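The next block holds one structure in the form of structure tokens; read it before the comments.
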Amino acid sequence: MFFNVSQLLREEVGASRRYELEPEDHVHHGSVELIRTPGGVLVRCKARIEVDADCSRCLAPFCYLADIDFEEVYAQQVDPATGRKLPLEDADAFLIGADHTIDISDAVRQYSEMAAEMQPLCRPDCPGICPVCGTDLGIATCQCDRTPIDPRWEALVALKRKTNG
């Protein structure tokens with residue numbers, strides 16, 4: 001997701017450009033607005049992204065859609081008129097390339113990580129896996145006895161299993 005800003009950098013502060021994002025990588029669709037600032041370009045991005053995840057209950061891989069919305073200033077490294085290298089005020093800032101292009105891929109990736117669910121589910125009613133045998137309960141049922149045992153009766157249940165088994 002590259003944008004050539006060489007002409008925008010030659011314009012006055014406040015000049016802007018607007019682009020629609022085409023589907024690529026994990027971006028489903030979205031829009032980007034580039035606004036000239038005194039030290040570079042402000043990037044405003046709104047996008048719908050596809051997030052790859054593993055279900056927190058059954059561990060099955062799946063994909064879901066999420067929205068990201070960010071504003072980041074990309075610092076200018078080179079003066080487009082003279083080609084002179086400019087001093088950087090913030091070493092951690094996103095940078096406009098020496099060829100006057102902005103690559104928003106890293107910002108999209110970072111904001112995608114923040115938008116990802118902490119415990120994603122492949123579906124809301126996912127039953128998960130059996131804690132005893134590991135069977136995916138969404139696909140098959142297992143014969144394990146998973147009824148909760150009152151800890152006060154645990155010794156008697158173990159004795160019963162021992163005499164029956």
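Here are some notes:
- Net charge dipole size for the chain [Lys, Arg +1 and Asp, Glu -1 on Cβ; Debye, nearest 20]: 780 debye
- Whole-Hz ³J(HN,Hα) from phi, Karplus 6.51 cos²θ - 1.76 cosθ + 1.60, for the range 16-27, glycine and proline x: 9, 9, 10, 9, 9, 7, 8, x, 6, 6, 9, 8
- Of the labelled figures [x] 9, 26, 19, 14, 10, 9, 7, 4, 1, 0; [y] 9, 37, 35, 16, 2, 0; [z] 9, 38, 40, 12, 1, only one reflects P(r) over Cα pairs in 10 Å bins from 0, in percent as derived from the coordinates, namely [x].
- Based on DSSP H segments of at least four residues, each scored -39500 (n - 2.57), the chain has a per-residue ellipticity at 222 nm of -4500 deg cm²/dmol.
- Counting protein heavy atoms only, the chain has 52 percent of its accessible area on carbon and sulfur, 1.4 angstrom probe.
- For Val78, residues with placed amide H under 5 Å, excluding near neighbours: Leu86
- Every Cα-Cα pair of the range 1-50 was included, and the share exceeding 11 Å stands at 68 percent.
- Under the Karplus curve 6.51 cos²θ - 1.76 cosθ + 1.60, θ = phi - 60°, whole-Hz ³J(HN,Hα) for the range 34-51, x wherever Gly or Pro sits: 10, 10, 5, 10, x, x, x, 9, 8, 10, 10, 10, 10, 8, 9, 10, 9, 10
- In whole angstrom, the range 94-165 maps to an equivalent ellipsoid with semi-axes of 54, 14, 10, each derived as √(5λ) from the alpha carbon gyration tensor and ordered largest first.
The values are calculated or read from the model by the stated rules, or taken from the named source; none is laboratory data. Everything quoted here is computed from the prediction, not taken from an experiment. Note that we place each Cβ from the backbone using ideal geometry, even for glycine, and neighbour counts take in every protein chain shown. Accessible surface is based on the protein model in full, side chains and every heavy atom, while ligands, DNA and RNA are left aside. Shrake-Rupley method; radii C 1.70, N 1.55, O 1.52, S 1.80 Å.
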